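Trainee: Dropping a structure here in structure tokens format, bear with me for questions.
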Amino acid sequence: MDCRKAFEERIRAFRAPAVLFSGGLDSSLIAFFAIEPKLYTLCYTKQSYDFINAKKSASLLGLDFEPVFFTIDDIREAFAISKNSLDIAHYILAKNIREKKVLSGQGADELFLGYAKYARMSAEEKVIKARDDFERWIQKGIEKKIFSLFDKEIIFPYVTLKDLALSLPLEEREGKKFLRSLAISLGLPEEIALQRKKAMQYGSEVDKVVKKLSASSLS
């Protein structure tokens, strides 16, 4: 099957009313295929990177987004579950989104070699490391456990693309080249398709606030 056709069919197969939206390539592709999606963006303030980026990308896509602002008290509450910044980000989102099912772009960085660390590795190393990162993340299933605390489900459409990703030549996977080319061919603005962005825990400033709280508790 043609890779582009396979991608479209699998992403369109998911039916959920909401998307965790950072404004980056991965979440924008999911939002593009979703039907009238509700877009949720986690952020500390309106100056947070993800607020600015999501607002701009949502406008380019002709969609609305809903910022989920968090407070220091939200971080403290999440500490009871985990002190990992990404887990905390998911906890706050799971608590605040209204829909019972939400789509997430996680998994794309491992399958399509999006992390900067892969670029510094040899071809063999990056293939092995990306595979191990993906399998370890799937086995842990932390995000699903967090969302289940609020009787909600988080869905990862990119997970179903494992065989497709592995069938691509390495140069098509590296730096998400396949996903970027697909986005442009679908008509997504190059500003979205070609951008490099921060992971959610950094773009939202969750990690920054977590470090401040951790430092203050040790002083």
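Trainee: For residue 217, all conditions in the list (1) modelled with pLDDT under 90; (2) of a type outside the set (Asp, Glu); (3) within 26 Å of residue 135 (Cβ to Cβ) hold save one; what is the number of the exception?
Mentor: (3)
Trainee: Now for a separate question. In region 142-149, is there at least one residue being assigned to a helix (DSSP H, G or I) and either touching a Lys or Arg at 6+ places or on another chain (Cβ under 6 Å) or at pLDDT below 95 (or both)? Before you say what the answer is, go through the steps one by one.
Mentor: Kept after step one, since they are assigned to a helix (DSSP H, G or I), are these residues of region 142-149: 142-148.
Filter once more, so that each one left must be either touching a Lys or Arg at 6+ places or on another chain (Cβ under 6 Å) or at pLDDT below 95 (or both): none.
So far as region 142-149 goes, no, none of its residues is assigned to a helix (DSSP H, G or I) and either touching a Lys or Arg at 6+ places or on another chain (Cβ under 6 Å) or at pLDDT below 95 (or both).
Trainee: So which residues in region 119-163 are under 24 Å from residue 20 (Cβ atoms) and either among the hydroxyl-bearing types (Ser, Thr, Tyr) or in contact with a Cys (Cβ under 6 Å, 6 or more places away or on another chain) (or both), if there are any at all?
Mentor: 148, 158, 160, listed by residue number.
Trainee: Residue by residue through region 1-51, note down the ones that are aromatic (Phe, Trp, Tyr) and within 21 Å of residue 89 (Cβ to Cβ). Let's see the steps before the verdict.
Mentor: Pass one, region 1-51, residues aromatic (Phe, Trp, Tyr): 7, 14, 21, 32-33, 40, 44, 49, 51.
Listed by number, the residues that qualify are 21, 40, 44, 49, 51.
Conditions tested, residue by residue: (1) under 22 Å from residue 101 (Cβ atoms); (2) of a type in the set (Asp, Glu).
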{"residue": "8", "(1), (2)": "yes, yes"}
{"residue": "12", "(1), (2)": "yes, no"}
{"residue": "15", "(1), (2)": "yes, no"}
{"residue": "22", "(1), (2)": "yes, no"}
{"residue": "34", "(1), (2)": "yes, no"}
{"residue": "47", "(1), (2)": "no, no"}
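Trainee: In region 154-197, which residues are among the acidic types (Asp, Glu) and touching a Gly at 6+ places or on another chain (Cβ under 8 Å)? Reasoning before the result, please.
Mentor: First, pick out the residues of region 154-197 that are among the acidic types (Asp, Glu): 163, 171-172, 174, 190-191.
The answer is none; no residue qualifies.
Trainee: Checking residue 9 against (1) part of a loop (DSSP other than H, G, I, E, B); (2) free of Cβ contacts under 8 Å to residues at least 12 places away in the same chain, only one condition comes out false. Which one?
Mentor: Every condition holds for residue 9 apart from (1).
Trainee: I'd like to check something: does region 68-90 contain any residue that is under 26 Å from residue 184 (Cβ atoms) and crowded, with 24+ Cβ neighbours inside 10 Å? Quick ask: steps written out before the conclusion?
Mentor: Taking region 68-90 first, the residues under 26 Å from residue 184 (Cβ atoms) are none.
No, the conditions are met nowhere in region 68-90.
Trainee: Being in a loop (DSSP other than H, G, I, E, B) and among the small types (Gly, Ala, Ser) is the filter here, so list the residues in region 188-219 that pass it.
Mentor: Quick first cut of region 188-219, residues in a loop (DSSP other than H, G, I, E, B) only: 188-189, 194-199, 204-205, 219.
Across region 188-219, the qualifying residues are 199, 204, 219.
Trainee: Right, next: Listed residues 93, 42, 86; which is assigned to a strand (DSSP E or B) and modelled with pLDDT of 95 or more? Break it down stepwise before answering.
Mentor: Working: 93 fails: assigned to a strand (DSSP E or B); 86 fails: assigned to a strand (DSSP E or B).
It is 42.
Trainee: Another one. List the pairs whose first member sits in region 86-100 and is among the hydroxyl-bearing types (Ser, Thr, Tyr), whose second member is part of a loop (DSSP other than H, G, I, E, B), and whose Cβ atoms are under 7 Å apart, counting only residues at least 6 apart or on separate chains?
Mentor: As it stands, the answer is 91/81, since those pairs meet every condition given.
The values are calculated or read from the model by the stated rules, or taken from the named source; none is laboratory data. Computed from a predicted structure; not experimentally measured. When we count neighbours, we look across all protein chains shown, and the Cβ atoms used for this are built from the backbone with ideal geometry, even at glycine.
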